[in-house]
Structure formats: C-alpha cells, structure tokens
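Written below as structure tokens is the structure these notes are about.
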Amino acid sequence: MATQPPTLPARLEMRNISISFAGFQALDHVDFSLHGGSIHALIGANGAGKSTLMAILSGTHERYQGNITINDETVHIHTPRQAKQLGIHLVQQEVDIALVPTLTVGENIMLDHLAQAGQLCHWPQLYRQANALLAQLQVHIDVRQRIERCTLAEKQHILLARALSHHCRFLILDEPTAPLDQQESERLFAVTRRLRDEGIGVVFISHRIHELAEICDRLTVLRDGRQVSDGAMAGLNGGQIIEKMLGHSLDAIFPPPRPPAGQEILLRVEGLHDQALLRDISLTLRKGEILGIAGLAGAGKTELCKALFGASPAKISHGELLGRPWRPGPPHMAVRQGLALVPEERRKEGIFIHEAIPMNLSVSADNTFSRWGWFNAGKARRWAQNIVDRLGVRSAGLDQKLQRLSGGNQQKVAIGKWLRGHASVLIFDEPTKGVDIKAKQDLFVLIDGLARQGKGIIYASGEFAELLGLCDRICIMWDGRIVAQVDAHATDEQTLLLYSTGGTLP
C-alpha cells in the first residue's frame, strides 16, 4: 500500500501554540510551518519543547491553545486518529512504545489497517503489502518474524514502513538515526529525500548536528518553550546551529584531559563469548580509565555490555574483578560485586518510565534507605533531591513521572541511580543516544568526574567523535570480535571507521 501524496504539496501552519503541565509552561505561543516537498529541521535542547510541539501535531495532547491549518483551512487535532486522517504521521524516537512485540513484522507494519472496525484480513496479501513497503525503504526484514527478534535499526524501519502505508502528507521523524549506523543513516536520508521529492513535508528532529545541513532545507529552533529562530538551512555550519540552540557559543564540549590512569586493574576479561555473536573478547579496565568500545550497529557493543553485567548469558576463560576471580553472573550479583550498567534502551531497561524521580533514583541504591524491613521514603526523597540538584535534572518537581522528562533528563536519572551504591565499574551503552548537545556536555562532565574519582568506565558508542574526545583507550568491534585497540589520543575517526567495517591499516 504505497504512499500517494496529493498533486500539489500541502502547507501546514501552527500558530500561537501553547500548553502547560502542572503549572510548567512547556510551549509559549510557538509558531511552526511545514511545507510539502521540504525537509524541516526542528531542534532545541532537551526540554525546549520540540517533542511536545510534535506530540500536539500528531494528536497526543488534546488540551492545547492555538490554531493549526492545512492549506489555510483550520483543522482540529485532538487524537492520533484525527492526525492520521489528515495525513500526519509520527515515527517516534522510542520505537518499542509503538510496536507490539508479540506480533510479526508484517502485522506491525499494517497494524493501523488491522485495527479498523470490520476489517477482514487476507494474510498473504498483508505480508505482500508489508514486503512492498520495506522494499521502498530498501530494507530486507522477514515480515513473518516477531518484532521481539528485531534490532533497534530494524524497528525504526518498520515504523517508517507503517507511516508509508497511509496517505501520508506530513511525516515527523523524531531522532530517526539515533539507533542507526552511518550506512543505515545514509539509506534513511535517501528515502527521506525521495519522499520529499514526492511532495511530502518531513519534520526531522535530531541531536546529531552534523546531519542537519546534509538532509534539511529549513531550520526552526526552540528554546525554553519558545521559537527563537526560523529560516533556511543553507549557509549554516554546526557552530552556528549550536549557538542558535543554546543562545551562546559552545567552546569545548569535552572536559579537559585527565591525568593518565594508573596501573591498578579493576576488571580483566579473557576469552569471553556467548552463544550468538561474541567471540574471544579480551579486555582490561584500569582504575580512573575510560575505555571506549567502538563499533557500528550490529558489531556486538550492546551484547558485550549486557554480557559483562550478566544481563545475557556468556562464558569466559578467565576473569578478575577488583583483584578477585570473577565470572559474569546474574545482574543482582553484578551489582553486589561492584558493576553497574546504563543500557542503550533506557526507557525499556534503564528506568521505570511510569514512576516518579525518587523511586527511580533509589531503586538501585544500597540498603541505607531501609531498616528492619521498613523503607525510609523521606530519606530517599532527600537523596533524590540531592541527585537532581547535582546532575541538573530539569523537571516540574520530584513527583514528576519520568515519561514527562526529556531524553537527556531521563538519562541523568538512569545514571544517578548508581551514584549511591559502591559500583567501581560503570558500563555505559550509547549513553548520549537521543540527547541534545547541552545534555551531552553535562553527561561528559559527569562521566569524566566518575573517572577522576577512580571509577573504571566502559563507554560503548557508535559516535566516534565522542570516543575520541572522552576516552583513554578504544577497543574496536566488528562482527562480534575486538579487532583492534588504539590510544584515543593518537588516532582519528577514519581509523575507527576502517576497523569498524572489517578493514585493516596498510
């Protein structure tokens, strides 16, 4: 069921859009325009209001003030169904929220059509339609396999295919490249340009500043719930975009160099492997060191992080942790032994999205909040306020549910929950995914501070610039193996990419 844009590109206008939550003004008289046949970047620091603005446009928030028109005709959008009927479709950042894990890929792609009242399903035709939509994206996924077996990158493509199954006039892509590697991002850019050329208006939300000039025609910047800039993208460089977003220049995003790590080894791993991907992994982590794990999507970074924490089964030939013999065990044992994990899929695995800040920050703490089986909520709340102040978590108050926090603030909570325990080795898996440039800087300072305290940090990321700016050494993964180890201060992004694609230096 291919997308059939109207002959003339549509024009959408949002005027004087305002909304507040529990007294917090999330949007304050914001204007936004989207024209068919264009790709429009929408950026801002976490909490600036961009996701809230797009949630209004896609029908998630019904109680807003302001006016929305399509081709100068006022429209009323108060439910996602109304938005889709108008040709407005959102592919959101947290992909698992929009997918049903027990259904197949094909069923998830055609989910909106299956949900129509009185709809009779012809299964062979459904799978043919799903395959055709994936073919438009130049993606090959078994449409009969269950969603729970798909990677993050595949889930992103499945949601995009679902949007294409409708009469789509306006497409909202919220951090679409966050789970993708460079090649997959380029493939998505090609598809997005083709949709633009067919007359579809695309909103492109991304914290990867370097992507914006490559893919977008126009740029709108929000700051603290207000529009501060709107205009053509042509001629803008990364520094100018960041300055528009923050209101000032960002001279140095990475902390100053740390003193060299000592020789004390906190973690030694030899011959680690699992039953699926990881093969003969060996590494060492020293006290006060940030060890990077580089690799493209599917290289095994996430699998390695989970294996070290005991979240997935693995075996090793030899291991030491804090000078004692060690083997990966279940996560509760890992926590007792001094390991901590901040996972890639924070909403699914790292936080309790429907719970308030104090509960999330105290859930992994030691037993100092309990006595004789009684939980001291007041003490936990005071600790939570301390962490909120220390990490700069922006919220409407401690009782705010994490689903209402921006991605960067959610990530700060996911890290903050480990700061009361005795973790000596902290594992970060793609910690800046979906996080804006200012929140990234905050996270870099936080992680650098942990290393300066003598913690050992494992930092897994496909963002090579981050690895070079933050790490001491970098292990590069390809096809489930560590294929090279380099000094972060004596290498470059090209070298990391070469090794990450299976190449070798001449």
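The values are calculated or read from the model by the stated rules, or taken from the named source; none is laboratory data. Since the structure is predicted, the reported quantities are computational estimates derived from the model, not experimental observations. Positions of Cβ are generated from backbone atoms using ideal geometry, with glycine treated the same way; all protein chains shown enter the neighbour counts.
Name the residue that is surrounded by the fewest Cβ atoms within 10 Å (Cβ to Cβ), counting only residues in region 70-129 that are among the small types (G, A, S) and part of a helix (DSSP H, G or I). Show your work before the answer.
Going residue by residue through region 70-129, those that are among the small types (G, A, S) are 83, 87, 98, 106, 115, 117-118.
Applying the additional criterion that residues be part of a helix (DSSP H, G or I) yields 83, 98, 106.
Values: A83: 22, A98: 15, G106: 25.
Out of the qualifying residues, it is A98.
So is E430 assigned by TED's automatic domain parsing to the domain that holds L285 and either at pLDDT 85 or above or of a type in the set (V, I, T) (or both) or not? Yes, satisfied. The sole residue among L152, L195 that is out of contact with any Phe, Trp or Tyr (no Cβ under 8 Å at 6 or more places or on another chain), at pLDDT 85 or above and closer than 22 Å to D112 by Cα is L195.
A quick yes/no check of all residues on (1) modelled with pLDDT of 95 or more; (2) of a type outside the set (S, T, N, Q); (3) closer than 27 Å to Q275 by Cα:
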position	(1), (2), (3)
D472	yes, yes, no
I476	yes, yes, yes
D492	no, yes, no
L505	no, yes, no
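A count restricted to region 259-318 and to residues that are small (G, A, S) and touching a strand residue (DSSP E or B) at 6+ places or on another chain (Cβ under 6 Å) stands at 9.
Any idea which of S424, S406 is surrounded by 16 or more Cβ atoms within 10 Å (Cβ to Cβ), at pLDDT 85 or above and of a type in the set (S, T, N, Q)? Please lay out each step first, then the result.
Details: S406 fails: at pLDDT 85 or above.
Exactly one of S424, S406 is surrounded by 16 or more Cβ atoms within 10 Å (Cβ to Cβ), at pLDDT 85 or above and of a type in the set (S, T, N, Q), namely S424.
Among L126, L42, L57, L27, which is touching a helix residue (DSSP H, G or I) at 6+ places or on another chain (Cβ under 9 Å) and within 23 Å of E154 (Cβ to Cβ)? After applying the criteria, what remains is L126.
If you check G288 against the conditions, is it in contact (Cβ under 8 Å) with a residue 60 or more places away in the chain, in a loop (DSSP other than H, G, I, E, B), under 29 Å from A465 (Cα atoms) and not aromatic (F, W, Y)? The answer is yes for G288. For region 283-292, state whether one or more residues are outside the structural domain of A48 (by TED's automatic domain parsing) and hydroxyl-bearing (S, T, Y). Checked region 283-292: at least one residue is outside the structural domain of A48 (by TED's automatic domain parsing) and hydroxyl-bearing (S, T, Y). Scanning region 34-74 for residues that are under 25 Å from E198 (Cβ atoms) and without any contact (Cβ under 8 Å) to a residue 24 or more places away in the chain yields a total of 1. If you go through region 1-32 and pick out every residue that is modelled with pLDDT of 90 or more, within 21 Å of R404 (Cβ to Cβ) and among the hydrophobic types (A, V, I, L, M, F, W, C), you end up with 4. How about region 296-316: which of its residues are in contact with a Ser or Thr (Cβ under 7 Å, 6 or more places away or on another chain) and at positive phi? Answer for region 296-316, where residues must be in contact with a Ser or Thr (Cβ under 7 Å, 6 or more places away or on another chain) and at positive phi: just G298. Residue count for region 332-355, restricted to those that are part of a helix (DSSP H, G or I) and of a type outside the set (G, A, S): 9. Scanning for something β-branched (V, I, T) and either surrounded by fewer than 21 Cβ atoms within 10 Å (Cβ to Cβ) or touching a Ser or Thr at 6+ places or on another chain (Cβ under 8 Å) (or both), does region 231-250 turn up at least one residue? Yes; the residues of region 231-250 include at least one that is β-branched (V, I, T) and either surrounded by fewer than 21 Cβ atoms within 10 Å (Cβ to Cβ) or touching a Ser or Thr at 6+ places or on another chain (Cβ under 8 Å) (or both).
Scanning region 407-430 for residues that are more than 26 Å from A294 (Cα to Cα) and in contact (Cβ under 8 Å) with a residue 60 or more places away in the chain turns up G421, H422.
Looking only at region 211-230, residues that are assigned to a loop (DSSP other than H, G, I, E, B) and either surrounded by 20 or more Cβ atoms within 10 Å (Cβ to Cβ) or not assigned by TED's automatic domain parsing to the domain that holds D197 (or both) come to 2 in all. Candidates are the residues of region 140-197 that are among the basic types (K, R) and not in a helix (DSSP H, G or I); the one that is nearest to K84 (Cα to Cα) is R169.
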